[in-house]
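The values are calculated or read from the model by the stated rules, or taken from the named source; none is laboratory data. Everything quoted here is computed from the prediction, not taken from an experiment. Backbone-built Cβ (ideal geometry, glycine too); neighbour counts: all protein chains shown.
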Amino acid sequence: MAGSSPDDTKIFDFMESLDPGKTIKSIEGTAIRDASSGHIADTVQVQGGIVPPAHSIHVQVETGPDLRDCDEDYRLVRVIGKGGQGEIWEANQVMLDRTVAVKRAHADTRAQMDFFKEAFTSAQLDHPNIVPVYEMGQIHAGEAGVPFIAMKRVWGKSWHSIIKAELAAQPFDRDRFLAKHLPILIQVINAVAYAHAKGIIHRDLKPGQVMIGNYGETYLLDWGLAIYLLDKDPAPPSSARSIDVSRVVTLESATNPAGTPSYMAPEQARFGTSQLGIHTDVYLIGAILYELVVGLAPHRGSSAAESIQLAQQNIIPPPPEDTPPELKDLLRRCLATNPVERPGAVTEIRTVLESYLSGAGRKTASLKITSALKADVEYTTYDELSDASRHLAEAMQLWPENPEAPECRERILGNFVRVALGKKDFLLAQLQADRVRNHGLAEKLRQEVDGAREEAARALRKPPLFTAMRVAVMAATWVLICVAVIAILAASRNVLLKEVTDRVKSIVTLAAKSVDPADLEAVGRDRQIYSLEFQKVFNRLSAFRRANSDIRFAYTLRPDETNGGWTTLVDCDPLDLDLNRNNRLDADERGNPPGTRHRKDIAEMKEAFSTGQVTSAEVSDKSGTYVSGFAPVIETRSRKSIALVGVDVKLDSIGSKMTLVRVAALAGGAMLLVLVTAMFVAFFISLRALAIVKMLEAEIQKQNSEVRGKNIYLG
């Protein structure tokens, strides 16, 4: 420590070894005592200063009261605790046959005097949250009598251990935690308020000094650092008795620093006691509240010395941002460096905590915020809107059912939308408009956003809908569709044609097998249509013709070896007949008697005759288009072809089917063209819209530079 004397350094070196969470009982006379270790340092305090023990110091030797022997009244059972001034035993009070706690003092005189003063102070505090003192006496340990006090035996746990366990539990619910522990703090405040009414301050308030009984009782323990404030009347007004100052600790006889470093008020961490008072306990209550809210004590040093230095300067990490506002404000007041800025009494703290737990205080604070928001003028900047949103969130945290909050929220959101539109920040405007719960207002704001977007879009030069590349792609697609339709039509016709061809081949094959080769040879030789052989072949062919109504012609032929071509043997139409009765013979009405030269001479005919295989061909002439089938007539002995059987089927039978196919294909193609064209146009419109959006985004980024890099709170 800069500028410190060797003795100052010695004291702080000693404190460096202490736990900042343990109580420093005293720096007085010739010793520094620690409650946990009882260690004594070779320094002494006189009137706020540190001097070496070699200096002469006048110390008044005090003697305790005469104590009666109680060896027969109490039977010690077991040690249940140890402190700086003695041990605490569980004992049995023989006369009343009840279990009590017996606190025995150490043997040295100074410890016994401190013990007497603590016992006297505790005996003055008759309160439900303070452990009552039954009796003081002495018990002999060997030849010497050891002072003791008998108190109520309390079963339970340290409040500090309960808090520590619950803070470590996961998941941690802070609201539930505070709802459980703030009522305990209020019970502690009740005990402290009673002590203050008696003119006594505790000086070492912390969760470790509070016992929670097995049935929910709350007890404030250890009044070893308590001080009587003599400017207070410690007795009720009706009492005429006065306090013997030799039996209590006063500001004049107390020492400082004393207390627990991690909780100390600034005035506790300095030498001299003149600045101590009720405000000191107020600070300590605030330190306990801080630990409940934050989870740690206020002065978190690595040693007692560091914690005392933090306490002297009152350096405290701020509570979390989401701390309830009324608790945050209460902490600020309780932990103020200047005692004047702290609450005037611990009962003020109790009032705030009770109000917080009941919700009344939160409602008042919430209404105060929303009333201020309603009174504000229109917001014109993001900073103003962010502040307003934060205030509204704070009001909602205090009181979610605040009836003024919805109106404030809608007003802030509406302002947010209009400010964002003014800055062309359309996305932010849309986001805030969608959060509005009032349907009418929300619809109005959305219309404003849409209108502003459209106006901004109109102000931009729109890219063309059709480009050369897009038109070329669309035209190529049209060509592909037309080619596909043509291919479908061709394939359909081929399928139908194959059906007719297969049927013609089947008929002509059966017809060729039904004809007797000998009959054909006789017809070729005689050439008489009235011969028996002609009639037999004619009847066979006519039977097939009648059975298959779509057969137009049926005939037999043989090669004309003299002139080439083919000569008719038997034709189903051997005579000239004016079938259509137009008084003239058309080409297909002329008869073909035996020996007539046949008008057809195609390769499929020669192929069938020479190979002995059935063939077919699509043939067109003046009378129309036919499918002709040819099958050889095989001479049985020689296995050679001697003639051909031909059957002609007009393609009228597939005409109606082809018409349906054409209509369907053309209709499908037309619909596909329309659909594809519509898809292309829609796609081109989307591309243009996307280009417009990108242009708008670029425009927004250029114009809305105010948003960039700023912390906008949306609420």
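Quick notes on this structure:
- Output for region 480-494, where each listed residue is free of Cβ contacts under 8 Å to residues at least 40 places away in the same chain and of a type in the set (A, V, I, L, M): 480, 483, 486, 487, 490, 491
- Per-region count, region 449-458, residues closer than 12 Å to residue 421 by Cα and at pLDDT below 75: 1
- Qualifying residue in region 191-208 (condition: hydroxyl-bearing (Ser, Thr, Tyr), under 19 Å from residue 347 (Cα atoms) and modelled with pLDDT of 90 or more): yes
- Any hit, region 414-421, residues being more than 19 Å from residue 379 (Cβ to Cβ) and free of Cβ contacts under 8 Å to residues at least 60 places away in the same chain: no
- Looking at 445, 428, just one residue is assigned to a helix (DSSP H, G or I) and either touching a Gly at 6+ places or on another chain (Cβ under 7 Å) or of a type in the set (Ser, Thr, Tyr) (or both), and that residue is 445.
- Test: residue in region 462-470 that is in contact (Cβ under 8 Å) with a residue 12 or more places away in the chain and in a helix (DSSP H, G or I): yes
- All helices (runs of 4 or more DSSP H) inside region 271-370 with 1 or more residues being over 20 Å from residue 202 (Cα atoms) and aromatic (Phe, Trp, Tyr): 346-358
- Yes/no for residue 533 being over 60 Å from the mean Cα position of the chain (by Cα) and either in contact (Cβ under 8 Å) with a residue 40 or more places away in the chain or surrounded by fewer than 20 Cβ atoms within 10 Å (Cβ to Cβ) (or both): no
- Residue that is farthest from the chain's Cα centre (by Cα) [pool: residues in region 124-136 that are under 18 Å from residue 209 (Cβ atoms) and of a type in the set (A, V, I, L, M, F, W, C)]: 133
- Restricting region 515-525 to residues that are surrounded by fewer than 15 Cβ atoms within 10 Å (Cβ to Cβ) and part of a helix (DSSP H, G or I) leaves a set whose member that is farthest from the chain's Cα centre (by Cα) is 525.
- Condition check for residue 446: at pLDDT 80 or above, over 20 Å from residue 678 (Cβ atoms) and touching a helix residue (DSSP H, G or I) at 6+ places or on another chain (Cβ under 6 Å): yes
- All positions within region 495-521 that are small (Gly, Ala, Ser) and in contact (Cβ under 8 Å) with a residue 40 or more places away in the chain: 511, 512
- Qualifying residues in region 377-397 (those that are touching a Phe, Trp or Tyr at 6+ places or on another chain (Cβ under 6 Å) and surrounded by fewer than 21 Cβ atoms within 10 Å (Cβ to Cβ)) - the one modelled with the lowest pLDDT: 386
- Residue match in region 143-159 (condition: under 23 Å from residue 93 (Cβ atoms), out of contact with any strand residue (DSSP E or B) (no Cβ under 8 Å at 6 or more places or on another chain) and either outside the structural domain of residue 324 (by TED's automatic domain parsing) or surrounded by fewer than 17 Cβ atoms within 10 Å (Cβ to Cβ) (or both)): yes
- Of all residues making up region 398-450, the number that are surrounded by fewer than 15 Cβ atoms within 10 Å (Cβ to Cβ), within 24 Å of the chain's Cα centre (by Cα) and either more than 29 Å from residue 693 (Cα to Cα) or charged (D, E, K, R) (or both): 3
- Residues considered: 224, 216, 277. Of these, the only one that is under 28 Å from residue 298 (Cβ atoms) and either of a type in the set (D, E, K, R) or modelled with pLDDT of 90 or more (or both) is 277.
- Filter result for the condition that a residue is surrounded by 14 or more Cβ atoms within 10 Å (Cβ to Cβ), modelled with pLDDT under 85 and within 48 Å of the chain's Cα centre (by Cα), over 493, 470, 461: 470
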